[in-house]
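Asker: Let me begin by handing over the structure; questions about it come next.
Read-outs throughout are calculated quantities, based only on the coordinates presented, and are distinct from any laboratory measurement. Note that the structure is a prediction, hence the values are computed from the model and not measured. Don't worry about glycine lacking a Cβ; one is built from the backbone with ideal geometry, like all the others, and counts go over all protein chains shown.
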């Protein structure tokens, strides 16, 4: 058994170089493994499970490229092998999401409808990313604080 409190304190003090689009979770797991070995476990913690969603965005001169993995999990079980994690709001605005799929579907459908109504009511003028972001922020604030 690991001395959990001692390892947790040491792990919290392990410098990881700040947050970035790198393998910081992997670095954390490796740091935990090294601490476990240092504290008496000869093999280290070999049953570390990788969970979560990978969503990546890259900005370039003329736009943004967004990508996501397609695996949806429930704990250690892969529930869906081809999950859609990128959702269209307008032709030029997409949302990438992880977590509760039902919430993501509802919010992106609402945003898609609102941005389409804006474009129809404003003679085809395109909805801007800043406008979609502001509206989404307002909606989530209302829902969160009700």
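Asker: What nm value, rounded to one decimal, do you get for the distance between residue 28 and residue 120 when each label is placed 7 Å out toward the C-beta?
Answerer: 4.4
Asker: Does the range 55-146 classify as rounded, prolate or oblate by the C-alpha gyration tensor (a ≥ b ≥ c root eigenvalues; a/c under 1.5 gives rounded; else a/b over b/c gives prolate, otherwise oblate)?
Answerer: Because a/c hits 1.5 or more and a/b fails to exceed b/c, the range 55-146 counts as oblate.
Asker: Describe numerically, in nm with one decimal, the distance between label points set 7 Å from Cα along Cα→Cβ at residue 86 and at residue 74.
Answerer: So the label points at residue 86 and residue 74 sit 2.7 nm apart.
Asker: So what is the orientation-averaged projected area of the range 95-146, using the convex hull of its C-alpha atoms, in nm²?
Answerer: 3.9
Asker: So, R0 is 22 Å and r is the distance between the beta-carbons of residue 55 and residue 129; what FRET efficiency does that work out to, to 0.05?
Answerer: Once rounded, the FRET efficiency stands at 0.85.
Asker: Name the residues of the range 100-120 whose amide N is less than 18 Å from a point 7 angstrom out from the Cα of residue 138 along the C-beta direction?
Answerer: What the label zone holds, given the 18 Å backbone N cut-off, is 107-120.
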